[in-house]
Amino acid sequence: MDTLKERINQLSKELNKHNYNYYVLNQPSITDFEFDKMLEELNKLENEYPQYKLADSPTQRVGSDITNKFETVEHEFQMLSLGNTYSEEDLNEFNNRVIKELETEPEYVCELKFDGASISVTYANGIFTRAVTRGDGAKGDNVTENIKTIKSIPLSIDSKKISDKFEVRGEIIMPHSTFAELNTLREKNDDSPFANPRNATSGSIKMIDSREVAKRKLDCYFYYMMGKSLPSETHFESLELLKDAGFKVSEHSKLCNNIEDVFNYIHYWDSERHNLAYDIDGIVIKVNSFKMQEMLGYTAKNPKWAISYKFKAEQVITKLLSIDYQVGRTGAITPVANLEPIQLAGTIVKRASLHNADQIALHDIRIGDMVYLEKGGEIIPKIVGVKIHEQDSSPTQFISNCPECGAKLIRVDGEAKHYCPNANNCPPQIKGKIEHFISRKAMNIDSIGEETVAQFYDNGLVKNVADLYSLTKEMILPLERMADKSADNIINSIENSKKTGFESVLFALGIRFVGETVAKKIAYAFKNIENLAKATKDELLEVDEIGERIAESIIQYFEDTNNIKIIAALMNAGVNFEVTEEEKLSENLKDLKIIISGTFQRHSRDELKDLIEKHGGKNVSSISKNTDFLLAGDNIGPSKLEKANKIGIKIISEEDFEQML
Ligand code: IVH
């Protein structure tokens, strides 16, 4: 028996090694025939003695007939995206911001920006345990079984080299040759071909049958590692570590000493990219030192220590057939161009946003014109100019009435968009407001989708967000396609949403210009809805990041009696309109202006910022005589320290700060 177990172990180990040689190192060490023979033997033994099958067995690479369910799971560490730049000027600005904060020019790592689908893979005790798509950054789809079929991704690694538990991030790609093969096959089978390798990749990793995924010959490059107490101090070292541990890491990443080196790298790859075996859409630039990365911190969506540089967009010319006007949830009108279909950067484009009346006037865009179409970093292509006007054409007249409800449109001075003012009766605005209210970062009522909102509205069950709380199971069960279980889920998740924090409720109300971050700031500043409703413009302007435009929009919101009625109904239903007791009590830092500098032992800089704001203080970014405290960590910039001493600003440590709280 033991010898059988040993044989299984030996075959697994050898086959994994051959896979690594072939798919990661590109150095085959055995013929395909020999490989297949060994795999066949292992498969047979595992079937007979399943108790000996190893967690990293190479037989998993062929996929299985178990139907994939793709559960949505939470990422342990959020998957952020990168800020984009499109010009050298923007990149210089990024570099200047970094230098200003660090008070020195850092080393950068330049990498190719792979154009595929990002993935996060978890290794526990050296074994591949989970693979999750990016999703919305906080939650993604569990695609473990499909990703295990990608042969360049190790099923086990030497965990001593990295850590007992960590996540590694990378991009799944489909090389050009595989893409061409796949499309030829699809056309032969009368399946529609994929528009580009990126679409083919994302389509492949979401296939129900993992055996089919195995046939798609996907590949993966890794570029980032996350976990607690990882062994390296710089990003470049962590890439080396990943490579040593058996991951496929791009050989083209480069350590740059200054921004000139970064520009050289970009220029080189702008032309060389056409010789790669796969698509890239830009270059990623990352600050090398982890300490410096921490000092730079994050915005809500992106790290401030990295940025992507996108290569110039591809441009084509096509005919503008007609213009539609869409109404958003805030009543903003967006003109949309219908175009003669044309191939652009791998996809067929039929529609493009025209943004607003000014943009149409700026380029004098007329129906029938031949227009320049471009796809930049955005997913939606845009019209960037007119090649020739159609004969006898006349300038485009922007509509004057709402295409949905007929109300006369308004345009506020200084704003680019036209608005439909009929907020309480215009159907797409009402539906849009409800969709925003239930969205994940708002009330997070995830059992209701766009279609259900339309059903509720069209059947007269919900005319505003407060009506959601009067729904009963009996009311919704008769609706088309509504099963007993979904009805229960809907009612339960609406009930659960009453516990949502005040800052998210405030965001959910959909007050114009009040995004997630602003909602947080005003929730902490005013503590409850009554205080906010009676706040004067001056009081609003005192809050960090609230300018004229936001203050006026908030005042206007509370002047509308319909909004007051909805809030009252939400309150009656039990929705939460105040911050927690804990948040209420903490005003220890009220009105204090605090600047943060350096790295800290117990908190990240973002946590410190949050703490300052939650306790009524203000986090400022540059020192002046109005600054109250300099919260100083390790490696604080010498010029900041000098300036603080000169003006006589009190310097406090992380411990002092905790005491103050
Ligand atoms: S780093 C916190 N490096 O680009 C930093 N991303 O907009 C995380 N991508 O979602 C990303 N190549 O899918 C990084 N060398 C590279 C990349 C890369 C492609 C993708 C990735 C990410 C998106 C960011």
* To do: Tell me, yes or no, whether the range 78-89 has at least one residue that is more than 26 Å from MET226 (Cβ to Cβ), more than 16 Å from the ligand (Cβ to nearest atom) and in contact with a helix residue (DSSP H, G or I) (Cβ under 7 Å, 6 or more places away or on another chain).
  => yes
* Condition test on TYR325, is it of a type in the set (Phe, Trp, Tyr), touching a residue at least 12 places away in the same chain (Cβ under 8 Å), closer than 30 Å to ASN92 by Cβ and part of a strand (DSSP E or B)? -> no
* Is it the case that the range 562-573 has a residue that's surrounded by fewer than 18 Cβ atoms within 10 Å (Cβ to Cβ), touching a residue at least 12 places away in the same chain (Cβ under 8 Å) and part of a loop (DSSP other than H, G, I, E, B)? -> no
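Residues checked against (1) surrounded by fewer than 13 Cβ atoms within 10 Å (Cβ to Cβ); (2) modelled with pLDDT of 95 or more; (3) within 30 Å of the chain's Cα centre (by Cα):
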site	(1), (2), (3)
ASP32	yes, no, no
GLU74	yes, no, yes
TYR86	no, no, yes
GLU103	no, no, yes
* Asked: LYS527: in contact (Cβ under 8 Å) with a residue 24 or more places away in the chain, loosely packed, with under 13 Cβ neighbours inside 10 Å, within 31 Å of the chain's Cα centre (by Cα) and closer than 18 Å to GLY574 by Cα, yes or no?
  -> no
* Which of the residues that make up the range 192-215 are more than 15 Å from the ligand (Cβ to nearest atom) and either aliphatic (A, V, I, L, M) or buried (at least 22 other Cβ atoms within 10 Å of the Cβ) (or both)? -> ALA195, ALA200, SER204, MET207, ILE208, SER210, VAL213, ALA214
* **Tally, over the range 221-247, of residues that are within 21 Å of THR149 (Cα to Cα), more than 11 Å from the ligand (Cβ to nearest atom) and not aliphatic (A, V, I, L, M)** => 3
* Asked: What about ASN142, is it more than 16 Å from the ligand (Cβ to nearest atom), within 22 Å of the chain's Cα centre (by Cα) and touching a residue at least 24 places away in the same chain (Cβ under 8 Å)?
  -> yes
* Asked: Looking at the range 455-475, which of its residues are part of a helix (DSSP H, G or I) and within 14 Å of ILE490 (Cβ to Cβ)?
  -> GLN455, PHE456, ASP467, LEU468, TYR469, SER470, LYS473, GLU474, MET475
* Single unsatisfied condition, GLU260 versus (1) within 14 Å of the ligand (Cβ to nearest atom); (2) assigned to a helix (DSSP H, G or I); (3) loosely packed, with under 13 Cβ neighbours inside 10 Å -> (1)
* Structure fact -> All conditions in (1) hydrophobic (A, V, I, L, M, F, W, C); (2) away from the ligand (no atom under 14 Å from the Cβ); (3) under 18 Å from THR85 (Cα atoms) are true of MET295 except (3)
* Can you spot a residue in the range 161-169 that is part of a strand (DSSP E or B), away from the ligand (no atom under 16 Å from the Cβ), among the hydroxyl-bearing types (Ser, Thr, Tyr) and touching a residue at least 24 places away in the same chain (Cβ under 8 Å)? -> no
* Asked: Looking at this structure, is PHE513 under 27 Å from the mean Cα position of the chain (by Cα) and on the phi > 0 side of the Ramachandran plot?
  -> yes
* Asked: What is the residue count in the range 226-252 for residues that are crowded, with 23+ Cβ neighbours inside 10 Å and not in a helix (DSSP H, G or I)?
  -> 1
* Yes/no for SER250 being hydroxyl-bearing (Ser, Thr, Tyr), out of contact with any Cys (no Cβ under 9 Å at 6 or more places or on another chain) and within 10 Å of the ligand (Cβ to nearest atom) -> yes
* To do: Being under 16 Å from ILE438 (Cβ atoms) and among the polar types (S, T, N, Q) narrows it down to one of ASN562, ASN492, so name that one.
  => ASN492
* Structure fact -> The condition of being buried (at least 16 other Cβ atoms within 10 Å of the Cβ) and on the phi < 0 side of the Ramachandran plot holds, among ILE555, ILE546, only for ILE546
* Asked: Only one of (1) more than 21 Å from the chain's Cα centre (by Cα); (2) touching a residue at least 60 places away in the same chain (Cβ under 8 Å); (3) surrounded by fewer than 23 Cβ atoms within 10 Å (Cβ to Cβ) fails for THR149. Which number is that?
  -> (3)
* Structure fact -> When the range 107-138 is checked residue by residue, the ones that are within 16 Å of the ligand (Cβ to nearest atom) and closer than 21 Å to ASP261 by Cα are TYR108, VAL109, CYS110, GLU111, LEU112, LYS113, PHE114
* Could you tell me which residue of the range 92-101 is nearest to the ligand (Cβ to nearest atom), considering only residues that are touching a residue at least 24 places away in the same chain (Cβ under 8 Å) and either among the charged types (D, E, K, R) or surrounded by fewer than 22 Cβ atoms within 10 Å (Cβ to Cβ) (or both)? => PHE94
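Restricting attention to the range 480-503, which residues are under 20 Å from SER447 (Cβ atoms) and either in contact with a strand residue (DSSP E or B) (Cβ under 6 Å, 6 or more places away or on another chain) or surrounded by 20 or more Cβ atoms within 10 Å (Cβ to Cβ) (or both)? Let's see the steps before the verdict.
Looking only at the range 480-503, we keep the residues that are under 20 Å from SER447 (Cβ atoms), and these are 480-501.
Those that are under 20 Å from SER447 (Cβ atoms) and either in contact with a strand residue (DSSP E or B) (Cβ under 6 Å, 6 or more places away or on another chain) or surrounded by 20 or more Cβ atoms within 10 Å (Cβ to Cβ) (or both): ALA487, ILE490, SER497.
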* Structure fact -> Scanning the range 153-191 for residues that are among the basic types (Lys, Arg) and surrounded by 13 or more Cβ atoms within 10 Å (Cβ to Cβ), the one farthest from VAL24 (Cα to Cα) turns out to be ARG186
* Structure fact -> All-but-one check, ILE283 against (1) outside any helix (DSSP H, G or I); (2) more than 16 Å from the ligand (Cβ to nearest atom), failing number (2)
* **Single match in ASN68, ASN92, ASN26 (criterion: modelled with pLDDT of 95 or more, of a type in the set (S, T, N, Q) and over 23 Å from the mean Cα position of the chain (by Cα))** => ASN92
* Asked: Is it true that SER271 is free of Cβ contacts under 8 Å to residues at least 12 places away in the same chain and away from the ligand (no atom under 16 Å from the Cβ)?
  -> yes
* Asked: Mind checking which residues of the range 630-649 are at pLDDT 85 or above and within 34 Å of the chain's Cα centre (by Cα)?
  -> LEU630, LEU631, ALA632, GLY633
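The values are calculated or read from the model by the stated rules, or taken from the named source; none is laboratory data. What you see is a predicted model; the values in this text were computed from it and never measured. Cβ atoms come from the backbone with ideal geometry, glycine included; neighbour counts cover every protein chain shown.
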